[in-house]
Structures are given as structure tokens and as C-alpha cells.
Amino acid sequence: MMHDEANPAGMKTFRQIALLMVLAVVPALLAAWIHPKRPAWGWRRPAVAEITLADAQRLPSPVIWVDARREEEYRQRHVPGAISLDQSHWEESLPNFVQAWQPGTSVVVYCNSQECDASHEVALRLHRELQIDGIYVLQGGWNAWLGAQKP
Amino acid sequence: MNMLARVLRIFLGALFVVAGVLKALDPANFAADIDHYRLLPYFALAPLALYLPWLEIICGLAMIASCHFRRSALILLLAMTVIFTGAVVSALLRHLDITCGCFGAASALPLSFALARNIVLLLMLGWLLRSEGRRAKPGAPGGG
């Protein structure tokens, strides 16, 4: 109160700033409740998260793309620079990935489409076996990538 | 001088409203943008991505409406811009290849551009705060 009397203008500004900050909480809470594009909440980053192609392309470098499809499919065509991690050739392929990976690298794993499980399996296996985070599964997989290449 | 301050206040208010609305439209994308700076823990991303755009919108509106809150809104916007600029500088120093995220998905410009724009914004906000301070002094006209 003493301070209030000593500097009423400063206290008024301080109160107004506090009020503005509290006011912004109301729509923020509403957005957290009903916004269709609200972010995921959590204390810890999920070991493996899904990511859209647009977001994956905006990830800060370095980013490693991992092709979880069968090796024959990878040989036919793949995302430029992607590393093949076919689960049936896991032991042979994993060293390529380990060589490319460094701390702070984001990893985007894809398989054929939204319906395939290989990308989730490979992503979880990478997390489990190498104890690394920052692994994403590409929503829509290879089909999403191909779709984005069409003019 | 008063006219210039008024025009600048409305311009800056509108700019922050637009920036806030673009981010409030897609808070999940804004959370990812904040995450790209690699400065904050995961649990802080969602609350900040939901809250900061609305703080920008409310402060921007207070500036445009020229209500009693405009000086406080100006101080808040100045403080936010200082923090955002600090984040941009830290990202530049760490050579992060990211976009600033200042205008939601519409901000695809490089960080160096964002830094230059933020410095101009800081100068304008600082000048406006000084000019508002003069108006608020006892005996001076205005103040609401």
C-alpha cells in the first residue's frame, strides 16, 4: 500500500498489465478445449509422434528420412536421401542409419500409406534399440510424398 | 507528433492482431514452430502456443481502441518482442535452419529477415512508449 501511494501510476500500469495477461487466458483455455488444431499436451515428448508432410519438411535440419518399406520398393524409388530400414534386413541396414545419425537429428520414418504399420514399428524399434528421441512417423507415408510431387 | 504516434499505434496494434490471429488459427503449428527453437521443455509448448497469440490479439486491440490500457498493452508487446528477438538471435547463433514462426504458417521468411524486422518493431515500440510516457505526465493532455 505504501508503494501504491508512492507510485500510483506505476501500480496502475502493473495492475493493467496483469489484467491484460489474465484476459488472454480465457480465449486460450477455450482454444485448448475446442480448437480443432489444438496442440498435444503432455509433460514428456512422446517417443514417437506422427507428423504431416508439410510439418516434416519444415523440421530444422539435420533430418534423416527413413524408408521402412521393403528394400525392393526402396530401390525402385524413395524420398531423396532416405535410408532404407527394411525390418527383414535390419542388422545389415542399421549401421547406415547409425552412421548418419548425430545428436539433435530429427528422424522421419515412412512406409507405403496411412494404413501400413512398418513406419510405426521401425520408429519404435529405433527408439528402443538406440535410445533416441525426435522420431516422427510420416502421416500418409510414401503416398503422401508422391501426392505432393504432382504439379 | 501526436498524429504520427496515433498512426504508428494503430499500425502496430493491427500488425500484432494479424500476427496473433494467424497463430491462433493453428496453435498446433505454432507449438511446432516454438519447438524448432529448441529452447523450451516439451510441456511448455502447448500452453504457450495457445496463450501467446491471444495476448498479442488483446494487446493489439487495446492499442487500436486507444483505451486506458494502451500504455500497458504497449509495454507487454515491447516485452514480448524483446523475448521473441532474443529467441531469434539465439537460433541464428546456433545456426538453426528454421523459420521464425512470427506470423504462423505465413512466416516462411529466413531468420535474418525476422531479426531485422524485429529490430525495426522494437524501435517503433520504444519510440511510441516514450511518446506515450510524455503524454501521461501530469499536466500533459491525453492519457485515455
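The values are calculated or read from the model by the stated rules, or taken from the named source; none is laboratory data. Please read all numbers here as calculations on a predicted model, not as lab measurements. Every residue, glycine as well, gets a Cβ built from its backbone with ideal geometry; the counts of neighbours run over all protein chains shown.
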**Report entry** Identity of the residue in region B:97-123, in a helix (DSSP H, G or I) and in contact with a Phe, Trp or Tyr (Cβ under 8 Å, 6 or more places away or on another chain), that ends up modelled with the highest pLDDT
**Finding:** B:N118
Requested in this report: Kindly check whether there is at least one residue in region A:136-143 that is without any contact (Cβ under 8 Å) to a residue 60 or more places away in the chain and over 18 Å from the mean Cα position of the chain (by Cα).
Outcome: yes
Report task. Restrict the check to region A:66-84 and report whether at least one residue is out of contact with any helix residue (DSSP H, G or I) (no Cβ under 7 Å at 6 or more places or on another chain), at the interface with chain B (Cβ under 10 Å from one of its Cβ atoms), under 21 Å from A:Q114 (Cβ atoms) and not aliphatic (A, V, I, L, M). Result -> no
Requested in this report: Mind counting the residues in region B:53-73 that are more than 15 Å from B:G20 (Cβ to Cβ) and not small (G, A, S)?
Outcome: 5
Report summary line: Looking across region A:18-42 at residues that are under 17 Å from B:A28 (Cβ atoms) and in a helix (DSSP H, G or I), the single one that is farthest from the other protein chains (Cβ to nearest Cβ) is A:I34
Query raised in the report: Mind checking which residues of region A:114-133 are surrounded by 15 or more Cβ atoms within 10 Å (Cβ to Cβ) and in contact with a Gly (Cβ under 8 Å, 6 or more places away or on another chain)?
Result: A:C116, A:S119
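Residue by residue, here is whether (1) among the aromatic types (F, W, Y); (2) modelled with pLDDT under 90; (3) in contact with a strand residue (DSSP E or B) (Cβ under 9 Å, 6 or more places away or on another chain); (4) surrounded by 15 or more Cβ atoms within 10 Å (Cβ to Cβ) holds:
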{"residue": "A:D4", "(1), (2), (3), (4)": "no, yes, no, no"}
{"residue": "A:R15", "(1), (2), (3), (4)": "no, no, no, no"}
{"residue": "A:M21", "(1), (2), (3), (4)": "no, no, no, yes"}
{"residue": "A:A32", "(1), (2), (3), (4)": "no, no, no, yes"}
{"residue": "A:R38", "(1), (2), (3), (4)": "no, no, no, yes"}
{"residue": "A:L53", "(1), (2), (3), (4)": "no, no, yes, yes"}
Report task. Those residues that are surrounded by fewer than 19 Cβ atoms within 10 Å (Cβ to Cβ) and of a type in the set (A, V, I, L, M), I need them from region B:88-110; list them, please. Result -> B:V89, B:L92, B:L93, B:L96, B:A105, B:A106, B:A108, B:L109
Requested in this report: Just give me the residues in region B:21-57 being free of Cβ contacts under 8 Å to residues at least 24 places away in the same chain, over 22 Å from B:P110 (Cβ atoms) and either at the interface with chain A (Cβ under 7 Å from one of its Cβ atoms) or surrounded by 22 or more Cβ atoms within 10 Å (Cβ to Cβ) (or both), in sequence order.
Outcome: B:A28, B:Y42, B:F43, B:L45, B:A46, B:L50, B:Y51
Report task. Of the conditions (1) under 22 Å from B:D33 (Cα atoms); (2) at pLDDT below 90, A:E115 clears all except one; give me its number. Result -> (1)
Report summary line: region B:1-81: helices (runs of 4 or more DSSP H) wholly inside it with 1 or more residues that are within 10 Å of the chain's Cα centre (by Cα) are B:2-25, B:42-65
